[in-house]
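Here is the structure we will look at, set down as structure tokens.
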Amino acid sequence: MEFTDICHFFAELSPQPTLAIDGLNHTVRYINNAGRTLLGEGTFPYIGAHINSVLPVGGSISEHILKGVHETGKPNCIVEQEIDGPHVRYWSYYCWPVVGGHKTTLGVIIQIIDSTETATFRKRSTNMNQSLLLSSLHQLELRKTAEKLNEELNRASAAKSQFLAAMSHEIRTPLNAIVGFSDLLLLPGQIDLERVAYGEQIKRHSHVLLRLIDDILDLAKVEAGQLSIETITIDLGELLSDVRLVMEHSASSKGIDFSMTLDPALPTTLVSDPTRLKQILINIIGNAVKFTSKGTVKVEVLLDKPLQKIRFLVSDTGEGLSPDQAIRLFKPFTQADSATTRKFGGTGLGLDLSRRLAHALHGDVTILESALGQGSTFEVSIALESPTYGAPWPAPSLPKSAELSRLDGVRILVAEDAPDNRFLIARFLGNVGAKVDFAEDGEQAIKLAFRKTYDIIMMDIQMPNIDGYTATSKIREMDCRIPIVAMTAHAMRSDIEHCLRVGCSDHLAKPFSMAQIVDKIAGLVGVRIG
């Protein structure tokens, strides 16, 4: 049977487009009816044409595949070849050898299958699987992120709970002493010496509580970006003397040796914020004293001329830190571990706040070295600006106790709604010779300021009826030019700026001591101190 006869026999039985080609030159020898329908009968002389010129536009079968089918006598196929056009289609080409006598390959039959539907389904399935895989990976990533966030939240919650417990302890401890010694003061039959001792204890624990509140407020100011930094020329020797006085007292009460050595090359003055610098040093040195049960606390103050910095090295022979504890040290509300809190107390605010304050002074607080049970060395560095160099440094001398200013005959209007505060201020100012009138709210303050003449007005801000802001504004509208000092427990920079905007001359944060209110008034009315 001839090659074309064989092809005709099989091809006409197939509903699929089928072609027969010569095995050597790959020209078309035969095409069935389905093939002519697919390729467009009469539009091209198929017989004798090369197979790749006959296939659907864009389709092709490599010479290598056709040659392999002819020479090996084994079938082959090209599956789902994508053909571009107005509508993307996929064609598959199945190639079978036609074998004659003596197993000689006479040619190749090619069947053309439209596999668009199958390929589209498979592609959609593949895309869907890829989408599902990506979705699963995304879900896995989200779950891992959620687990990580949950762990962080749990750690933050635990730290917050630990902080609140420590805060409660630190607040209640001095409060307990204040309440207790207040009760003792009220007992009948107390001698003056005992009353003075009880009063000193109340004052000491009040200052402890005030320092804690100040730290919390300062940290809040830093977080809110409202921390105000003063830049003035300060006497470095006087500042260090103040720090030494406070720290020597703390160390001696625990039986710890305390020393402070100064680099002779230090400048005599420093341009910085004395309040913040003192706060940092007392925090860091205070920690050294606090965590040292026996031994020494040593402070070295050095000039680093190349870096234009002053370095304060604070070394102690106290508890020391492990590497893990040192890593957590500067995180807010965190101490070395819970045992530290139980043994020494504290809230974990001090170091974080000190470092942030140091950054505001263009410096830093770092831990240079520490070993568990062997002590630690911390460094406070502060930028040096416009120093003035003088003679070699003597040892810091202790400051003389300051005398209260006299306010004899100074006429003061105090607007304060709290009776206890009015009583305290009356005693404070009466003891230094001032003449004081009181207003219980802003409305009374406005009326008194209009009717009488005063040298200064002390204005509480949060009062009923008319508050201090409104009262100050209305008094200024009366063309009153005397100083008005805002007295408020709101100590954020935005609060102070609000006071100044409505016409206050200055600000006095509550709680204040007798010396603070007297000195504030003296400075504003021009009274000589001492």
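Of the numbered conditions (1) in contact with a strand residue (DSSP E or B) (Cβ under 7 Å, 6 or more places away or on another chain); (2) crowded, with 18+ Cβ neighbours inside 10 Å, residue 469 fails exactly one; give the number of that condition.
Checking residue 469 against (1) in contact with a strand residue (DSSP E or B) (Cβ under 7 Å, 6 or more places away or on another chain); (2) crowded, with 18+ Cβ neighbours inside 10 Å, the one that fails is (1).
From the list 47, 61, exactly one residue is under 18 Å from residue 90 (Cα atoms) and either in a loop (DSSP other than H, G, I, E, B) or at pLDDT below 80 (or both). Which is it?
61
Looking at (1) among the basic types (Lys, Arg); (2) modelled with pLDDT under 90; (3) closer than 21 Å to residue 291 by Cβ, which is the only condition residue 244 fails?
Against the list (1) among the basic types (Lys, Arg); (2) modelled with pLDDT under 90; (3) closer than 21 Å to residue 291 by Cβ, residue 244 comes up short only on (2).
When residue 7 is evaluated against the numbered criteria (1) at pLDDT below 75; (2) surrounded by fewer than 17 Cβ atoms within 10 Å (Cβ to Cβ); (3) not hydroxyl-bearing (Ser, Thr, Tyr), which criterion, by number, is the only one it fails?
Only one criterion in (1) at pLDDT below 75; (2) surrounded by fewer than 17 Cβ atoms within 10 Å (Cβ to Cβ); (3) not hydroxyl-bearing (Ser, Thr, Tyr) is unmet by residue 7, namely (2).
Let me confirm something: among 262, 219, 313, 302, which residue is surrounded by fewer than 21 Cβ atoms within 10 Å (Cβ to Cβ), of a type outside the set (Lys, Arg), under 30 Å from residue 371 (Cβ atoms) and not assigned by TED's automatic domain parsing to the domain that holds residue 371?
None of the others qualify; the one that does is 219.
Hey, among the residues in the range 502-520 that are β-branched (Val, Ile, Thr) and touching a Ser or Thr at 6+ places or on another chain (Cβ under 8 Å), which one's surrounded by the fewest Cβ atoms within 10 Å (Cβ to Cβ)?
If we filter the range 502-520 for residues that are β-branched (Val, Ile, Thr), which is where we start, we get 502, 517-518.
From what is left, the residues that are touching a Ser or Thr at 6+ places or on another chain (Cβ under 8 Å) are 502, 518.
Working: 502: 20, 518: 23.
Per the stated criteria, the residue is 502.
Could you tell me which numbered condition residue 160 fails, if it satisfies all but one of (1) modelled with pLDDT of 75 or more; (2) over 30 Å from residue 198 (Cα atoms); (3) among the basic types (Lys, Arg)?
Of (1) modelled with pLDDT of 75 or more; (2) over 30 Å from residue 198 (Cα atoms); (3) among the basic types (Lys, Arg), only one is false for residue 160: (1).
Look at residue 444 and say whether it is of a type in the set (S, T, N, Q), farther than 11 Å from residue 487 by Cβ and in contact (Cβ under 8 Å) with a residue 24 or more places away in the chain.
Yes; evaluated as a whole, the condition is true for this residue.
Please enumerate the residues belonging to the range 222-252 that are in contact (Cβ under 8 Å) with a residue 60 or more places away in the chain, crowded, with 18+ Cβ neighbours inside 10 Å and either among the basic types (Lys, Arg) or in a strand (DSSP E or B) (or both).
The one that is in contact (Cβ under 8 Å) with a residue 60 or more places away in the chain, crowded, with 18+ Cβ neighbours inside 10 Å and either among the basic types (Lys, Arg) or in a strand (DSSP E or B) (or both): 244.
The values are calculated or read from the model by the stated rules, or taken from the named source; none is laboratory data. Since this is a predicted model, take the numbers as computed values, not measurements. Quick reminder, even Gly has a Cβ in these numbers, built from the backbone with ideal geometry, and neighbours come from all protein chains shown.
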